[in-house]
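Colleague: Here you go, one structure.
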Amino acid sequence: MNQRFYDVEVFWRWSRWLKSRRVQRKNAYFGFTQKKFGVNIAAAYYVLHLGGSFRFTDQSEWVHANSRGKFSYNFLNTPDSTIEEVDLSRTLINHNGLDNIVSQKTLRSLSVQGCPNVDDWFLARLHVFGESLQELDVSHCPRITVGGLVALQHLRKLRRLDVSSLVGVSSPSLVRILLEEMLPLCEVTGAEYDQGFVQHDSMGQLKEDTWLETRSFPVCIYPAGSEPRLAPSHSGEFLFLQAA
Amino acid sequence: MPGTDWSPVELRRDLPPDRADIVVVGGGVIGWSVAYWLKKKERVRDGVRVLVVEKDPTYSEASTVLSAGGIRQQFSLKENIQLSLASVDFMRNINEHLWVLNEDPIDLQFNHSGYLFLASESVAHIMEENYVTQREHGAKVTLLSPAQLKERFPWLNTDGFGFWGLENEGWFDPWSLLNAFRRKAMSMGVFHCHGEVTGFTCTTSSRETEDGDVLRIKRIKYIDVKMPDSREYQPVECAIVINAAGVNSGKIADMIGIGSGSEHSMAGFSLPVEPRKRYVYVVHCPDGPGLESPFLIDYSGVYFRREGLGGNYITGNSPEETEEPDISDLKVDHEFFQEKVWPHLSHRVPAFESLKVTGAWAGFYDYNTFDQNAIIGLHPRISNMFLATGFSGHGLQHSPAVGCAVAELVLDGGFRTIDLSAFDFKRILQQEPILERNIV
């Protein structure tokens, strides 16, 4: 529709611009909070503002907002506690938002599962946690590609890495092998060794479920209720689709 | 028809328009970046009419697409560092800048592996000074001692220090950047034309200097664009010309008459940009360094980087000044690999003793023979030609920021974001080179 009507195109652009503005606001730098309360409280408040949860080093309970979005401000009483674990899954964090968290040098575990704005540039900034980060979960992030995963080489203390369902990575099993070589002490989960491979059964024929992915053939669409008819010159295999 | 583009008889569709405000000569990444920024900075819709003239639509010999595609902040000049940082900032948010409705989002395939410069004892102190400058300007570079190098990169055989970029360094696909700029610029209304610039029509005015010498300043009125495979040409009336022709910038400058005066006059200084051929070899080594291998640059000039996930690498070396290869074609010399690249490479990375060369290509650097740094700014003898050339191998990585700088120069009258007055042409007239010490 937006190719035919300029108004529709304008609305589309506006909605995209508003979405990007929302992401920018969510990832703004909490400079005022940092100056007034200190970097630790600012980082804690930032995580809660995004909708995530965290755990301080000296406490064993996670702090997060309840289902109505309210959270307690008890963290204001402990300005010297640094954050040890952060869960930012399904939030709008992007590489700019990391400005608020880079001060937490004791960060041990980070999860950004399912974040739509986490991309390779975000991973490239994680090198600041090279001495402390032990667990990282970047599964279900559509924008991550191999180019960003190579930036994880700086995280020498990483012990658990979850890379499941990364749409941007085309050969997950190969990437898993290469990641295991790159980070020898790290356990990489989420990409099975046979994912992305073309499967053969015992007779050497392609298995049923891979047949459609690996072969391409012409399509014949025929109306419902009739039989498909092909001219004698057409031979070979066709994919028959019945029009509804 | 005067005042509009309409004419009653439409002779040929692909001729450029009769008049344009700004003509960009050269359709590489610098040319299209300048065109994009000019359109981005115009304050009125259709405020400037920009025409980009490109000789070869297949880009078969263009430096942009034949480059290895690396970007680094490890330079010695602060302008180069700032240009790299600004360009990387642009690329980080490239989809916000260059997104076009109904088109796919741009994927630069940026690999964030960083550059690793190895320094021998003799050059370590120069590189340390550069390291301090880089850190001052915000580049995230770290210094690795020999022990740390051995521990991080066990496949590396070295005794010197290493300078490793932690963030914002790596390599990407130059073709996608070029196409992104082109697509966005054309969607903003930049005219483009496949043709070759064959001549200029200028008016000359004379001025007398204090010493009584007569200065002849030219002003370009028309630029002749010749159609491919034809003798037909169109004189495009223009106000400003931007010379972003890369390796052919010297030829364009000669056409106007820069360099055609006596040796001691200002007219005698030609644009010192010429093509220099560089070879890139694709090698395959199954036991080579893995995913973590950075873009390694040895102090002997040899470099290599990983390409893809299948154990392939790209490698090359810069030849000595006296042994520059012939520039008449883009044929690859495999002897150069055997003699100049492989020995140093296998000494540095022993696993590469058993590599196999699977392919090679050659490309041109638009080499600034004076001091190997960009020339950006007006030429003193031509009142309306801006130069944006002579990048000597780092044009691609600086292209977004250089485009912005040239657009500011044209539309705002001076540099606003990054001050590139050090790259002005007058340093060539005054014979004061600004040398970049980290050239690859």
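Colleague: For region A:154-166, how many residues are away from every other protein chain (no Cβ under 11 Å) and within 17 Å of B:Phe110 (Cβ to Cβ)?
Modeller: 1
Colleague: I'd like the full set of residues that are of a type outside the set (Gly, Ala, Ser) and buried (at least 20 other Cβ atoms within 10 Å of the Cβ), limited to region A:35-44.
Modeller: A:Asn40, A:Ile41
Colleague: Next question, about the same structure. Checking B:Asp329 against (1) touching a Lys or Arg at 6+ places or on another chain (Cβ under 9 Å); (2) within 30 Å of B:Phe352 (Cβ to Cβ); (3) touching a residue at least 40 places away in the same chain (Cβ under 8 Å), which single condition isn't satisfied?
Modeller: (3)
Colleague: From the list A:Ile177, A:Ile101, A:Ile93, A:Ile83, pick out the single residue that is modelled with pLDDT of 90 or more and touching a Cys at 6+ places or on another chain (Cβ under 7 Å).
Modeller: That would be A:Ile93, the only listed residue that is modelled with pLDDT of 90 or more and touching a Cys at 6+ places or on another chain (Cβ under 7 Å).
Colleague: Within the group A:Asn117, A:Asn40, which residue is in contact with a strand residue (DSSP E or B) (Cβ under 9 Å, 6 or more places away or on another chain), away from chain B (no Cβ under 14 Å) and in contact (Cβ under 8 Å) with a residue 60 or more places away in the chain?
Modeller: Of the residues listed, the single one that is in contact with a strand residue (DSSP E or B) (Cβ under 9 Å, 6 or more places away or on another chain), away from chain B (no Cβ under 14 Å) and in contact (Cβ under 8 Å) with a residue 60 or more places away in the chain is A:Asn40.
Colleague: Looking at region A:10-23 only, could you name the residues that are farther than 20 Å from A:Gly69 by Cα and either under 29 Å from the mean Cα position of the chain (by Cα) or small (Gly, Ala, Ser) (or both)?
Modeller: Result: A:Phe11, A:Trp12, A:Arg13, A:Trp14, A:Ser15, A:Arg16, A:Trp17, A:Leu18, A:Lys19, A:Ser20, A:Arg21.
Colleague: Does A:Ser20 satisfy the condition of being within 11 Å of chain B (Cβ to nearest Cβ) and either small (Gly, Ala, Ser) or not in a helix (DSSP H, G or I) (or both)?
Modeller: yes
Colleague: Right, next: Filter region A:142-194 down to the residues that are in contact with a strand residue (DSSP E or B) (Cβ under 8 Å, 6 or more places away or on another chain) and assigned to a helix (DSSP H, G or I), then identify the one that is surrounded by the fewest Cβ atoms within 10 Å (Cβ to Cβ).
Modeller: So, considering only residues that are in contact with a strand residue (DSSP E or B) (Cβ under 8 Å, 6 or more places away or on another chain) and assigned to a helix (DSSP H, G or I), the one surrounded by the fewest Cβ atoms within 10 Å (Cβ to Cβ) is A:Glu180.
Colleague: Do you know which of the residues in region B:131-184 that are among the basic types (Lys, Arg) and assigned to a helix (DSSP H, G or I) is farthest from the other protein chains (Cβ to nearest Cβ)? Give the steps one after another, and end with the answer.
Modeller: Quick first cut of region B:131-184, residues among the basic types (Lys, Arg) only: B:135, B:140, B:150, B:152, B:182-184.
Now drop any that are not assigned to a helix (DSSP H, G or I), which leaves B:135, B:150, B:152, B:182-184.
On the way: B:Arg135: 15, B:Lys150: 14, B:Arg152: 8, B:Arg182: 21, B:Arg183: 16, B:Lys184: 14 Å.
Result: B:Arg182.
Colleague: Would you check if there is a residue in region B:87-98 being in contact with a strand residue (DSSP E or B) (Cβ under 6 Å, 6 or more places away or on another chain), of a type in the set (Gly, Ala, Ser), surrounded by 19 or more Cβ atoms within 10 Å (Cβ to Cβ) and in contact (Cβ under 8 Å) with a residue 40 or more places away in the chain?
Modeller: Within region B:87-98 (the criterion being in contact with a strand residue (DSSP E or B) (Cβ under 6 Å, 6 or more places away or on another chain), of a type in the set (Gly, Ala, Ser), surrounded by 19 or more Cβ atoms within 10 Å (Cβ to Cβ) and in contact (Cβ under 8 Å) with a residue 40 or more places away in the chain), the answer is no, since none of the residues qualifies.
Colleague: Could you tell me whether region B:50-65 includes any residue that is within 22 Å of B:Ser392 (Cβ to Cβ), in contact (Cβ under 8 Å) with a residue 12 or more places away in the chain and basic (Lys, Arg)?
Modeller: yes
Colleague: Scan (1) outside any strand (DSSP E or B); (2) in contact with a helix residue (DSSP H, G or I) (Cβ under 9 Å, 6 or more places away or on another chain) for the single condition B:Cys202 breaks and write down its number.
Modeller: (1)
Colleague: Based on what the data block shows, is B:Gln109 more than 14 Å from chain A (Cβ to nearest Cβ) and either touching a helix residue (DSSP H, G or I) at 6+ places or on another chain (Cβ under 8 Å) or modelled with pLDDT of 90 or more (or both)?
Modeller: In short, no.
Colleague: Test each condition in (1) more than 9 Å from chain B (Cβ to nearest Cβ); (2) over 26 Å from A:His49 (Cα atoms); (3) of a type outside the set (S, T, N, Q) for A:Ala151 and report the one that comes out false.
Modeller: (1)
Colleague: So, one more: Name the pairs: first residue in region B:3-26 and farther than 22 Å from B:Lys221 by Cα, second residue among the hydrophobic types (A, V, I, L, M, F, W, C), Cβ to Cβ under 9 Å, at least 6 apart or on different chains?
Modeller: B:Pro8/B:Met1; B:Arg12/B:Met227
Colleague: Got a number for residues in region A:122-139 being of a type in the set (Gly, Ala, Ser), more than 13 Å from every other protein chain (Cβ to nearest Cβ) and crowded, with 19+ Cβ neighbours inside 10 Å?
Modeller: 1
Colleague: Further, regarding this structure: Here is a check on your reading of the model: is B:Ala401 in contact with a Ser or Thr (Cβ under 6 Å, 6 or more places away or on another chain) and either of a type outside the set (D, E, K, R) or surrounded by 23 or more Cβ atoms within 10 Å (Cβ to Cβ) (or both)?
Modeller: For B:Ala401, the condition - in contact with a Ser or Thr (Cβ under 6 Å, 6 or more places away or on another chain) and either of a type outside the set (D, E, K, R) or surrounded by 23 or more Cβ atoms within 10 Å (Cβ to Cβ) (or both) - is met.
Colleague: Of all residues in region B:97-106, count the ones that are within 10 Å of another protein chain (Cβ to nearest Cβ) and more than 23 Å from A:Leu149 (Cα to Cα).
Modeller: 3
Colleague: When you look at B:His379, is it under 19 Å from B:Trp175 (Cα atoms), surrounded by 20 or more Cβ atoms within 10 Å (Cβ to Cβ) and of a type outside the set (Val, Ile, Thr), yes or no?
Modeller: Judged against the criteria, B:His379 is not a match.
Colleague: Being small (Gly, Ala, Ser) and in a strand (DSSP E or B) is the requirement here; does B:Ala351 meet it?
Modeller: Working: small (Gly, Ala, Ser): yes; in a strand (DSSP E or B): no.
Criteria not met by B:Ala351.
Colleague: Looking only at region B:409-426, which residues are β-branched (Val, Ile, Thr) and within 18 Å of B:Val241 (Cα to Cα)?
Modeller: Result: B:Val410, single match.
Colleague: Within region B:246-296, take every residue that is part of a helix (DSSP H, G or I) and at pLDDT below 85 and give me the one that is surrounded by the fewest Cβ atoms within 10 Å (Cβ to Cβ).
Modeller: Going through the qualifying residues, I end up with B:Gly268.
Colleague: I'm trying to understand the selection: among the residues of region B:40-66, which are touching a strand residue (DSSP E or B) at 6+ places or on another chain (Cβ under 6 Å) and not charged (D, E, K, R)?
Modeller: Of everything in region B:40-66, those that are touching a strand residue (DSSP E or B) at 6+ places or on another chain (Cβ under 6 Å) and not charged (D, E, K, R) turn out to be B:Val48, B:Val50, B:Leu51, B:Val52, B:Val53, B:Pro57, B:Ser63, B:Leu66.
Colleague: Residues in region B:145-173 that are free of Cβ contacts under 8 Å to residues at least 40 places away in the same chain and of a type in the set (Gly, Ala, Ser): how many?
Modeller: 2
Colleague: In addition: Taking A:Asp99 and the conditions (1) more than 22 Å from A:Gly148 (Cβ to Cβ); (2) surrounded by fewer than 20 Cβ atoms within 10 Å (Cβ to Cβ); (3) under 22 Å from the mean Cα position of the chain (by Cα), which numbered condition does it fall short on, given that it satisfies the others?
Modeller: Of the numbered conditions (1) more than 22 Å from A:Gly148 (Cβ to Cβ); (2) surrounded by fewer than 20 Cβ atoms within 10 Å (Cβ to Cβ); (3) under 22 Å from the mean Cα position of the chain (by Cα), the odd one out for A:Asp99 is (1).
Colleague: OK, next. So is B:Asp89 at pLDDT 90 or above and either touching a His at 6+ places or on another chain (Cβ under 7 Å) or of a type in the set (D, E, K, R) (or both) or not?
Modeller: It is true that B:Asp89 is at pLDDT 90 or above and either touching a His at 6+ places or on another chain (Cβ under 7 Å) or of a type in the set (D, E, K, R) (or both).
The values are calculated or read from the model by the stated rules, or taken from the named source; none is laboratory data. Worth saying up front: this structure is predicted, and the values here are computed from it rather than measured. So basically every Cβ, Gly included, is an ideal-geometry build from the backbone, and we count neighbours across all protein chains shown.
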